[in-house]
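One structure below.
The values are calculated or read from the model by the stated rules, or taken from the named source; none is laboratory data. Since the model is a prediction, treat every value here as computed from it, not as a measurement. Cβ sites come from the backbone with ideal geometry, for glycine too, and all protein chains shown count toward neighbours.
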Amino acid sequence: MSLFSDPRWSEALAHLPDYLGNHVRVSVTALVLGLLVSLPLAIAARNHAMMRGALLGIASVVQTVPGLALLALFYPLLLAIASVSLAWFGFGFSAFGFLPAVLALALYSMLPVLRNTITGLQGVDASIVEAAQGVGMTPRQSLFMVELPLALPVIMAGIRTAAVWVIGTATLSTPIGQTSLGNYIFAGLQTQNWVFVLFGCLAAAVLTLAVDQLLTLIETGIGQRSRLRAAFGGLGIVALLAATLAPSVARSPSSYVVGAKTFAEQYVLSALIAQRLREAGLSATTREGLGSNVIFEALASDDIDVYVDYSGTLWANQFHRTDTKLREELLRELKAMLAQQKVTLLGELGFENSYALVMPRKRAEALGIRSIADLGPHAPTLSMAADYEFLSRPEWAGLRTAYGLSFRAQRQMQPDFMYAAVASGEVDVIAGYTSDGLIAKYDLVVLEDTKHAIPPYDAILLLAPKRASDTALRDALQPLLGKIGLAPMREANLRAAGGDGASSPPAVARWLWDKIGK
Amino acid sequence: MSAAPPLIAFTHVGKSFDGGRVRAVDDVTLEVVAGEFLAIVGGSGSGKTTLLRLANRLIDADVGEIRIEGQDVRAIDPVSLRRRIGYVFQSGGLFPHISVAANIGITPKLLQTPASETSARVDELLDLVRLDRAQYRDRFPHELSGGQRQRVGVARALAAKPRIVLMDEPFGALDPLTRDALGDDYRSLHNKLGLTTVMITHDMTEAILLADRVAVMRAGRLLAQGTPKQLSNTHDAYVGELLGTPRRQAERLNVLLPRGGPA
């Protein structure tokens, strides 16, 4: 199969109007907002050295914050503001998706605009400004008739830089719930769908280059006083906006939004849920690649309607519990705690995706290790690897104290590479996920947690407060409850990591339904 | 000379900068009557440019009184004051992003003169400063020579039909031939339009050749003022020194270029 006959290209293309439209919408809004704030600020600060220094200083500091972190920070900030606003003024707003993305990106766009506007205005020949005064202009007239027009090429260069930054950084707004071209990249990385990653990168690059070229046209048009050039550039921008925004405006809003976190299993399950809803005659879309700290809040504030979480994750991360309980007990208590936040725990899917210590079957047999307790004495001679968060999670602390584990070395790794690393012997033990298909593929074994140090991680379906008594939704989801066992889920995850045309989440979801739905 | 009321009158005017450390203009009293062409001569730092700027309130005086057409300038809004006084800047001071016509028409535009009227006025002014309408109207300043730029600068200063024109070393950066031609052209405009002109220059020869009266400034103070003839009777050493140069040049030129020879 040649590279371009891969069906994933056409699948990627089908998402383009949605992703591109949203990407352009959030970028343009952020840029316009950034300009509306930074241009007046720069103009006000141009004759005040103190204010100028302070503004540029703050903008530079903002610039040093990594884009992903800036976007992630705006979510809890807005959430807090929204709850204050709800308490004081009686209205709240969605802190999810569009708003935090726009605010963070607008902040990001400010530095080049501030810097170039200030530099541009200061660069205007003092004798020209004096001449403006001499012919009888007011300071305002001098600003608008002389100083700004003369500084415009420099200001435009700043706007162009800002536009390129914003469009590039907007790909990172996917985890806070804003659909963007980043959806391709996040989904592709998680499901090892390199076609998607490539497509997303290409689409973002083409968009950036197009905007950059058009703005350059306007910039040089202004610089060379060529109205034609500037007009062409302006028309190009308008055409680009119209072409990218029209499809997303025309689309009707869907009634149900299914959330998914940033890993393959979540993509498959959200696709499965969406398929079930559509089967039941409901319209549904998926909102994928949401950060695990964002997704629960998004559900609790009705921004998404349904998603799959894991009991232990909520227990430890959302409710900050450090104790562990037996499965049934934990679920019962969790259900009660969720109910307090008006979130419905509809039920378990039937499998657990727990953290577990995993090692090659042959190695374990050779060492005579069956459980974590057996591992304890060998640990000082072994190395282990885990994902980016496990080593700082309470489960790890619990495991270590319960079994007295102390490894020779500990490393952090991208989850996709962990399994290959343990299979090849590069590390001896990994903290894997029980539902991961790679466990079977690489002939690995999950070490038994005889002391129940790791809390249970049942996959559970959660419903948003506004869907609590939505019987149509409940009926559509009912057939999934208790139906998905560990083995089919593992195989589905393995398929999703397959890296071919049949490995797209919707395709795997259909396979999974065929397997369990009968 | 005291018969006609002065159009511009400085009375004991002082202006200092840097918190009083630099006395740019120090107790200057000077009158310019209607129709007069006054040249202010002095070296750099003599305060001549500051004095000129005080007249249209580009800067404000610390002490003393300045009257324009009999009115204390402090009582006049600086913006409207500047709109009724023409000002020619050192190197033209043209706005580089707008055409010759737009540069000339700027003050009428600020005064909200109808566009058609301004357009006719621009043509009239291009004729006055001897620039071809069709050829120069739509050019940009960077497409002009230094002399042409300064002609546009003069036209712009005259656009709103001011009675007074202030000129800050208007011909200083030009080559001698252009400078001579432009000086003569302006002087005839001054006569024709009945203007009152104050011109700053560091060149005593230019001042003597163009102006009715010459004022000499040094270190912020007004050393002497009068017609060239009156000045030559002054005993001030500096004034004598300034007058010495054109005198010596005239004598040498008389020897080097005998009358009747080819020019």
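Can you tell me which residue is farthest from residue B:106 (Cα to Cα) among those in region A:119-152 that are among the acidic types (Asp, Glu) and facing chain B (nearest Cβ under 10 Å)?
In this case the residue turns out to be A:125.
Could you check region B:192-263 for helices (runs of 4 or more DSSP H) lying wholly inside it with 2 or more residues that are surrounded by fewer than 16 Cβ atoms within 10 Å (Cβ to Cβ) and of a type in the set (Gly, Ala, Ser)?
Filter on region B:192-263 gives B:237-256.
For every residue, the table says whether it meets (1) farther than 21 Å from residue A:140 by Cα; (2) among the aliphatic types (A, V, I, L, M).
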{"site": "B:57", "(1), (2)": "no, no"}
{"site": "B:66", "(1), (2)": "yes, yes"}
{"site": "B:69", "(1), (2)": "yes, no"}
{"site": "B:78", "(1), (2)": "no, no"}
{"site": "B:85", "(1), (2)": "no, yes"}
{"site": "B:94", "(1), (2)": "no, yes"}
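When region B:181-190 is examined, which residues are found to be surrounded by 15 or more Cβ atoms within 10 Å (Cβ to Cβ) and either under 11 Å from residue B:147 (Cα atoms) or not hydroxyl-bearing (Ser, Thr, Tyr) (or both)?
Residues satisfying the conditions are B:181, B:182, B:183, B:185, B:187, B:189, B:190.
Here is a list of conditions, (1) in a helix (DSSP H, G or I); (2) on the phi > 0 side of the Ramachandran plot, and residue A:507 meets all of them except one; can you say which number that is?
For residue A:507, the exception is condition (2).
Quick one: in region B:60-105, which of the residues that are of a type in the set (A, V, I, L, M), more than 13 Å from chain A (Cβ to nearest Cβ) and not in a helix (DSSP H, G or I) is farthest from residue B:148 (Cα to Cα)?
My answer is B:63.
Counting residues that are over 26 Å from residue A:417 (Cα atoms) and outside the structural domain of residue A:493 (by TED's automatic domain parsing), which helices (runs of 4 or more DSSP H) fully inside region A:316-406 reach at least 3?
Correct list: A:394-403.
State whether one or more residues within region A:42-55 are at negative phi, within 27 Å of the chain's Cα centre (by Cα) and among the small types (Gly, Ala, Ser).
No, region A:42-55 contains no residue that is at negative phi, within 27 Å of the chain's Cα centre (by Cα) and among the small types (Gly, Ala, Ser).
Considering (1) in a helix (DSSP H, G or I); (2) free of Cβ contacts under 8 Å to residues at least 12 places away in the same chain; (3) closer than 22 Å to residue A:306 by Cα, say which one residue A:472 fails and leave the rest.
(2)
Can you find, within region A:164-188, the residue that is farthest from the other protein chains (Cβ to nearest Cβ) among those that are more than 20 Å from residue A:74 (Cβ to Cβ) and in contact (Cβ under 8 Å) with a residue 40 or more places away in the chain?
Step by step, filter region A:164-188, then rank; the result is A:187.
Within region B:106-120, does at least one residue satisfy the condition of being within 21 Å of residue B:186 (Cα to Cα), facing chain A (nearest Cβ under 9 Å) and buried (at least 19 other Cβ atoms within 10 Å of the Cβ)?
For region B:106-120, residues within 21 Å of residue B:186 (Cα to Cα), facing chain A (nearest Cβ under 9 Å) and buried (at least 19 other Cβ atoms within 10 Å of the Cβ): present.
One line per residue, one yes/no per condition, for (1) crowded, with 24+ Cβ neighbours inside 10 Å; (2) of a type in the set (A, V, I, L, M):
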residue	(1), (2)
B:30	no, yes
B:33	no, yes
B:37	no, no
B:40	yes, yes
B:43	no, no
B:49	no, no
B:56	yes, no
B:59	no, yes
B:64	no, no
